[in-house]
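The values are calculated or read from the model by the stated rules, or taken from the named source; none is laboratory data. Here the structure is a predicted model, which means the values were calculated and not measured. We place every Cβ from the backbone using ideal geometry, glycine too, and count neighbours over all the protein chains shown. All accessible areas refer to the heavy atoms of the entire protein, side chains included, with ligands and DNA or RNA removed. Shrake-Rupley method; radii C 1.70, N 1.55, O 1.52, S 1.80 Å.
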Amino acid sequence: MKSEGKAKLNAFHAKIFGKNKFKYRYAFTGYALLAPAFILLTVFVVVPLLIAIVRSFFDYRSYADVQKFVGLDNYLTIIRTTSFVNSFLNALLFAVIIVVAQLLLSFSFAHVLKADKSGFGLVTRAIVYIPYLISGVAASIVFLFMTNYGGGLINGILLQLDMKPIAIDMEKTWARVFVILPTLWLGFGYNALVMYAGLINIPKDYYEAATLDGANWWNKLIKITVPSMMNYFLLTIVGLLTGALAMFEIPFMMTGGGPLESTLTPVLYLFNNYRNVLQSSSVTIAGAILVMIIIGTLNSVVFFLVQSKKSEDD
Amino acid sequence: MKNKKKLLALCLAATCTMGAFASCGDKGDGPEAGATVVSVWLRDFEDWSNNVMKSIMDDFNKDKTDGLHIDYRFITEDAFGDALAAAQDSGNAPDIYQVSYMNLYSEVRNETVLPLNNLLPEASFADLTDSAKSLVTYSGNYYGYPQLMEPSAVMYYRKDLLTAAGVDYSKAEEWSFDDLYAACAKLKTTMKKKNGKYPCLMYDFGQAGWATQGLQANLTGGNVCLTEDWSEIVVNSKAYKDLAAFFVEMYTNEYVPETWTTGYNDQIIDLCDGKAAIVYTGSWGIAEIMETYGADMAKDIGVATIPTLNGGANKGTTATNGGWSLVIDAKSKNPTAAAKIIEYLAAGEDTTAPERYFAAAHYSKSMPRKRMQEKLAQTDISNVCPAEWLTTVLDITDKAIPEAIFTYDINLQTIGLVQGITIDALDGTSMEDSWNSRIGDVITEIEKIMANNNLAGNNPRLAKTGAEK
């Protein structure tokens, strides 16, 4: 009886996968391993996303018997909102600065870690990774203490030197600096370790051969290191870009989006707008879907550009 | 191995038992057989507030003969909106919940709350003050019953610090902007920036969008950004120039810090800690003083109406009324029973329960009912809070207006104008030049927001009833 069942299962698998036993032998295990992620993603991501997309086309009211279809009105409302558009420009500025700064810093620091032969490398790696474990809220509190106008670490020193303290709620430049700094601090350790992993994976033979051919450090960097690191750059850029465009906790805690919306990000705007008593919550949902689409599109562009480059190298 | 399993089982059992006890702790006594259970969701506020509300509801549940039982839950402010939306979407909404006056219209617009006109006795509404009625009335219907009101702007000052700087505070209640400037100029000699001290903490720009609405109404003669019917923008006016000039004077003279870590809601802490001699915050500051710092500190603190352009004994509106109302969910299975609970908590003939709450709040919240206010006037409250504080807060509440419910972006644009002019002034630009360079863009933006949200002439607070149409 048991063997009959097994035979039927094998026949079923053979029907689906052809007669290649290797393909279906492990199929059940594969499905079983895939199932938890598939179920969780479906329940907590795919279904809510589909519901949100549907709701964004309605003037949704939870107790209404019939929901009013409004087409693209919610999208048009949010697109016509200047603050929302400005928040995107801010996010793009943050994204450019953070991606460039983080790439340069982490790539450089990864070289330092690779070159370190003193035995402190492990300790250093652990230390630089610690900020990544801290939440954005906690990091913001640390920086708020430092910039406390009444005598935080930075302003306390400035006051004792009879210099003007930094007012992050009144100076756009400083506000932006103190949104970017905690973000860089938090992500630096993780990105440096990713770069470090990439660097140590490049075969030494390449460099030895290049040295024999008379290549200098610049040639090695451009012709060997950078092309070999393309996938690591891709991972880092996509992560940083997504993080910067979806930034919320740090501007929320540090500046509240001010002064004069100079640190307002799209997610922070949507958070503030969600309880606009005169607007349907569907407008905010439409805004959130727009944010998702824009982040997805930008990441696709990055994938396309970086992959293309790699293809050329290949 | 066996022992490990036993230990694990014991840990699990202990955790489950503790969890069960923890959840019971918030629910109070169980209902009597056959009782109608009314679920009530309240905000998780300060400990004293939660404790007194729990005690009031537990006392109700002790009566096992009334056929009613309150099943209450306290939910943090951050989680409340999401929890309620999820409960309403899944058909598990509470019968009664707390809504701020600011957000009540959202509930009315979405038809998630019932009008209370036919559920509560007419006498309950007749007993409300006019300002309380205006907070919960839309199209002639009462959609919530006011539980408490909190004027958003009150001036608190440290008598000892003012005396040390040679400031006469005996007429602080009548102070104008000029009086405040003069007091701050003297205070600058004792409250030194280098020591992290400032003469004053007033509105911070993060909160000024709502916190200054009372002052805006005072300067404009009753309007906030728009005319009452939302047909016209009033920002391009002398009133708003006066508002900007007030901020410029306070900031450029360093009477206030350019930025401050403590937010507007908690500035009373800095007053009590001696970091500022004068602070603006809502009436809730009284509860903070009495609960955290006690009567000894209260002796050194004075409470007054905020300074206005011209000052004087009768300043008119200087604050908005914030606070909370109790509403009945539109899909409540027991609206009549829910109404009985609202009567017990806030609206009934017997005012014992709400009076207990206000006493526990050290009268930092204003009573929305005339009868309770009259009774309070005959009561000696000196052991709860200084009587003159209460007189001041009640006066401010009576003259306060409801918070504006138009799209908040309009407030942000308006206060952004004031902030921009203040920043320009700190950089050395004259106020006139800054005003002229900014006002056009701000008006254009507000017009855009109004068009985008179809606001012009559509203030729902002025919407007519079916009969009036």
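If you go through the range A:135-145 and keep only what is surrounded by fewer than 19 Cβ atoms within 10 Å (Cβ to Cβ) and either among the aromatic types (Phe, Trp, Tyr) or more than 16 Å from A:LEU186 (Cα to Cα) (or both), you end up with just A:PHE145. Restricting A:GLY296, A:GLY287 to residues that are in contact with a Leu (Cβ under 6 Å, 6 or more places away or on another chain), at pLDDT below 90, more than 12 Å from chain B (Cβ to nearest Cβ) and open to solvent by less than 40 Å² (accessible area, probe 1.4 Å) narrows the list to A:GLY287.
For the range A:107-134, taking the residues that are loosely packed, with under 12 Cβ neighbours inside 10 Å and within 22 Å of A:MET247 (Cα to Cα), the one that is nearest to the other protein chains (Cβ to nearest Cβ) is identified as A:LEU133. Residues that are of a type in the set (Gly, Ala, Ser), open to solvent by 30 Å² or more (accessible area, probe 1.4 Å) and within 14 Å of another protein chain (Cβ to nearest Cβ) within the range B:168-207 comprise just one, B:GLY206.
Could you check, for the range B:130-137, whether at least one of its residues is on the phi > 0 side of the Ramachandran plot, at pLDDT below 95 and not assigned by TED's automatic domain parsing to the domain that holds B:GLN267? Checked the range B:130-137: no residue is on the phi > 0 side of the Ramachandran plot, at pLDDT below 95 and not assigned by TED's automatic domain parsing to the domain that holds B:GLN267. Are any of the residues in the range B:76-87 under 21 Å from B:ALA287 (Cβ atoms) and open to solvent by less than 20 Å² (accessible area, probe 1.4 Å)? Yes: one or more hits. Quick check: is even one residue across the range B:130-137 more than 17 Å from B:ALA337 (Cβ to Cβ) and charged (D, E, K, R)? Within the range B:130-137 (the criterion being more than 17 Å from B:ALA337 (Cβ to Cβ) and charged (D, E, K, R)), the answer is yes, since at least one residue qualifies. Is it the case that some residue within the range A:258-273 is over 30 Å from B:TRP230 (Cα atoms) and part of a helix (DSSP H, G or I)? No - not one qualifying residue is present in the range A:258-273.
Within the range B:446-455, does at least one residue satisfy the condition of being modelled with pLDDT of 95 or more and either more than 14 Å from every other protein chain (Cβ to nearest Cβ) or in contact with a helix residue (DSSP H, G or I) (Cβ under 7 Å, 6 or more places away or on another chain) (or both)? Within the range B:446-455, one or more residues are modelled with pLDDT of 95 or more and either more than 14 Å from every other protein chain (Cβ to nearest Cβ) or in contact with a helix residue (DSSP H, G or I) (Cβ under 7 Å, 6 or more places away or on another chain) (or both).
Looking at the range A:83-96, which of its residues are open to solvent by 30 Å² or more (accessible area, probe 1.4 Å) and either touching a Leu at 6+ places or on another chain (Cβ under 9 Å) or without any contact (Cβ under 8 Å) to a residue 40 or more places away in the chain (or both)? If you could, list the steps in order and put the result at the bottom.
The initial filter retains those residues of the range A:83-96 that are open to solvent by 30 Å² or more (accessible area, probe 1.4 Å), namely A:85-86, A:89, A:92-93, A:96.
The answer is A:VAL85, A:ASN86, A:LEU89, A:LEU92, A:VAL96.
Being within 14 Å of chain B (Cβ to nearest Cβ), within 25 Å of the chain's Cα centre (by Cα) and under 30 Å from A:VAL283 (Cα atoms) is the requirement here; does A:PHE84 meet it? Walk me through how you get there before you give the answer.
Working: within 14 Å of chain B (Cβ to nearest Cβ): yes; within 25 Å of the chain's Cα centre (by Cα): yes; under 30 Å from A:VAL283 (Cα atoms): yes.
Yes: the conditions hold for A:PHE84.
Residue pairs whose Cβ atoms lie under 8 Å apart, sitting 6 or more positions apart in sequence or on different chains, and linking a residue in the range A:47-58 that is touching a residue at least 12 places away in the same chain (Cβ under 8 Å) to a partner that is open to solvent by 60 Å² or more (accessible area, probe 1.4 Å), are A:PHE57/A:PHE69; A:PHE57/A:LEU72; A:PHE58/A:LYS68; A:PHE58/A:PHE69. Once the range A:153-176 is narrowed to residues that are farther than 11 Å from A:PHE143 by Cα, part of a helix (DSSP H, G or I) and more than 10 Å from chain B (Cβ to nearest Cβ), the residue that is least open to solvent (accessible area, probe 1.4 Å) is A:LEU158.
Within the range B:414-430, can one find any residue that is modelled with pLDDT of 90 or more, among the charged types (D, E, K, R) and in the same structural domain as B:ALA295 (by TED's automatic domain parsing)? Yes, the range B:414-430 contains at least one residue that is modelled with pLDDT of 90 or more, among the charged types (D, E, K, R) and in the same structural domain as B:ALA295 (by TED's automatic domain parsing).
For every residue, the table says whether it meets (1) outside any loop (DSSP other than H, G, I, E, B); (2) not charged (D, E, K, R).
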site	(1), (2)
B:PRO31	no, yes
B:VAL40	yes, yes
B:SER49	yes, yes
B:ILE56	yes, yes
B:PHE60	yes, yes
B:LYS64	no, no
B:ASP71	yes, no
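Restricting B:TYR169, B:TYR101 to those that are touching a helix residue (DSSP H, G or I) at 6+ places or on another chain (Cβ under 6 Å) and either closer than 21 Å to B:THR397 by Cβ or free of Cβ contacts under 8 Å to residues at least 40 places away in the same chain (or both) reduces the list to B:TYR101. Beta carbons closer than 6 Å, at least 6 apart along the sequence or on distinct chains, pair a first residue in the range B:421-444 that is surrounded by 17 or more Cβ atoms within 10 Å (Cβ to Cβ) with a second that is among the acidic types (Asp, Glu) for B:SER434/B:ASP424.
In summary, A:VAL226 fulfils each of the numbered conditions (1) surrounded by 15 or more Cβ atoms within 10 Å (Cβ to Cβ); (2) part of a helix (DSSP H, G or I); (3) at pLDDT 90 or above with the single exception of condition (1). When the range A:53-81 is filtered for residues that are part of a loop (DSSP other than H, G, I, E, B) and either β-branched (Val, Ile, Thr) or away from chain B (no Cβ under 12 Å) (or both), the ones remaining, listed by number, are A:SER56, A:PHE57, A:VAL66, A:VAL70, A:GLY71, A:LEU72, A:THR81.
With the condition being within 26 Å of B:ASN50 (Cα to Cα) and within 14 Å of chain A (Cβ to nearest Cβ), I'd like the helices (runs of 4 or more DSSP H) fully within the range B:92-161 carrying at least 3 qualifying residues.
Working: elements: B:101-109, B:122-126, B:130-136.
It comes to B:101-109.
One line per residue, one yes/no per condition, for (1) closer than 16 Å to B:LEU201 by Cα; (2) more than 24 Å from the chain's Cα centre (by Cα):
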residue	(1), (2)
B:ASP127	no, no
B:ASP130	no, no
B:TYR156	yes, no
B:VAL167	no, yes
B:LYS171	no, yes
B:GLU174	no, no
B:ASP179	yes, yes
B:ALA185	yes, yes
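Has the range A:196-204 got any residue that is assigned to a loop (DSSP other than H, G, I, E, B) and more than 22 Å from A:LEU113 (Cα to Cα)?
Of the range A:196-204, the ones assigned to a loop (DSSP other than H, G, I, E, B) are A:201-203.
Cutting the leftovers down to more than 22 Å from A:LEU113 (Cα to Cα) gives us none.
There is no residue in the range A:196-204 that is assigned to a loop (DSSP other than H, G, I, E, B) and more than 22 Å from A:LEU113 (Cα to Cα).
On the stretch given as the range B:312-329, residues that are under 24 Å from B:ASP44 (Cβ atoms) and more than 22 Å from the chain's Cα centre (by Cα) total 1. Residues in the range A:87-140 that are outside any helix (DSSP H, G or I) and over 30 Å from A:THR284 (Cα atoms) were compared, and the one that is modelled with the highest pLDDT is A:ASP116. Just one of the numbered conditions (1) assigned to a helix (DSSP H, G or I); (2) outside the structural domain of A:VAL283 (by TED's automatic domain parsing); (3) surrounded by 12 or more Cβ atoms within 10 Å (Cβ to Cβ); (4) not aliphatic (A, V, I, L, M) is not true of A:PHE44: (3).
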